[in-house]
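Take a look at the structure set out below.
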Amino acid sequence: MSTTMKAIVVEEYGATDKLLYKDVPKPTAEKDTVVIKNHCIGVNFIDNYHRTGLYPLPLPFIVGRDSAGEVVEVGEGVTDFKVGDRVVQMSGSSYAEYSQAKAASVEKISHDISYDLATAAALQGLTALTLVRDSYPVKKNDYILVHAAAGGVGLLLCQLGKHIGAHVIGTASTDEKCALAKENGAEFTINSSNEDITKRVNEITGGVGVHASLDGVGKATFDISLAATRRLGSVISFGNASGAVPPISIGVLAQKNLKLMRPTLYNYLATREESRRWFDELFSLMKDGVLNFHIHKVYDLKDAKQAQDDIQARVTTGKLLLRP
Ligand code: NDP
């Protein structure tokens, strides 16, 4: 059996030409880990941050956060998994034919959930779910501003917001993306390329603003989120698609007694129990048809550069997948 595999490796930080499609040693199962033969790999905006070094990983590294496939090797100390189990993992090093994953960050998937759906659901689905349940617990009749509402996380936020009974105001950069956000649950949409977001939010909310802004765009929209949120409201800054938010003076929050949070998904999954609870809710929302996944495109693993070029160029909607 071959001891090497194909993977996308970053040896130095930089643009997408730093994504190298190479032969690397196939991982083996170490203590408390399993090896997964990947059937589907997720592309997430965070992969760009790792590649550019905005979120630095030690070099060289295999790119990617999540994948789904079958367990092919089980390390010492692992009792939850056996060879042949269908699983999804968010341990990293996923742009590869095989991934070694910490058993604690692996979850079994039932036979009615395909590898593609499990991959589409894992990181982006759990992000959307933890945002609306914990970062700002969305309530019926709340007004919620969702930036990049036609993106991977964005479409799921629209679906969850509608399911809860909130009024979702989604922003996106084209009319086509706005239409897709509406199909996925946004009650109102704002084309961020040619409309004034704050002005439109004020019109929609009778001048008081939204209960919460869910902002994964970052630098370009942070001030808009502050302006569009009502007195006593919450600004949840969960990403940097347009660049990192510069340091702020906390005094700006005093103008409206705003709450500001900067969550990361992995801090919601610190223990096995927490992780299982979130995955249980995610899978049950999928089975109930509340969460549906819009797959933009499935790329070959070797075309990972194209996938990252596309997500950065803002020409994608929903989820991008790679096929090893
Ligand atoms: P998306 O599919 O949403 O892609 C990013 C979108 O951001 C684009 O489609 C684009 O939509 C919008 N955007 C606005 N400005 C820019 C810009 N200058 N460059 C590129 N895109 C821009 O990606 P994901 O769903 O994977 O992630 C969404 C956000 O959520 C990211 O910031 C990501 O880092 C964050 N995230 C955070 C997590 C956490 O734990 N905190 C976990 C998962 C994701 P448009 O053209 O419509 O404006």
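The values are calculated or read from the model by the stated rules, or taken from the named source; none is laboratory data. Computed from a predicted model, the values in this text were never measured in an experiment. Positions of Cβ are generated from backbone atoms using ideal geometry, with glycine treated the same way; all protein chains shown enter the neighbour counts.
Things worth noting here:
- Residue in the stretch 155-165 that is modelled with pLDDT of 95 or more, of a type in the set (S, T, N, Q) and within 9 Å of the ligand (Cβ to nearest atom) present: no
- Matching residues in the stretch 187-209 - criterion: being buried (at least 20 other Cβ atoms within 10 Å of the Cβ), part of a loop (DSSP other than H, G, I, E, B) and away from the ligand (no atom under 12 Å from the Cβ): 209
- Count - residues of the stretch 95-109 that are modelled with pLDDT of 95 or more and polar (S, T, N, Q): 2
- Residue within the stretch 84-99 that is away from the ligand (no atom under 16 Å from the Cβ), touching a residue at least 40 places away in the same chain (Cβ under 8 Å), more than 21 Å from the chain's Cα centre (by Cα) and part of a strand (DSSP E or B) present: yes
- The residues on offer are 212, 227, 172, and the sole one that is aliphatic (A, V, I, L, M) and either within 10 Å of the ligand (Cβ to nearest atom) or free of Cβ contacts under 8 Å to residues at least 24 places away in the same chain (or both) is 172.
- Cβ-Cβ under 6 Å pairs, at least 6 apart or on other chains, the stretch 307-324 side in a helix (DSSP H, G or I), far side among the β-branched types (Val, Ile, Thr) and within 11 Å of the ligand (Cβ to nearest atom): 307/43; 310/316
- Filter result for the condition that a residue is buried (at least 24 other Cβ atoms within 10 Å of the Cβ) and farther than 18 Å from residue 26 by Cβ, over 145, 117: 145
- Of all the criteria given as (1) within 21 Å of residue 285 (Cβ to Cβ); (2) within 16 Å of the chain's Cα centre (by Cα); (3) within 12 Å of the ligand (Cβ to nearest atom), the one not satisfied by residue 180 is (2).
- Exactly one residue out of 283, 293 is away from the ligand (no atom under 14 Å from the Cβ) and aromatic (Phe, Trp, Tyr): that is 283.
- Per-region count, the stretch 12-24, residues surrounded by 12 or more Cβ atoms within 10 Å (Cβ to Cβ) and under 24 Å from the mean Cα position of the chain (by Cα): 8
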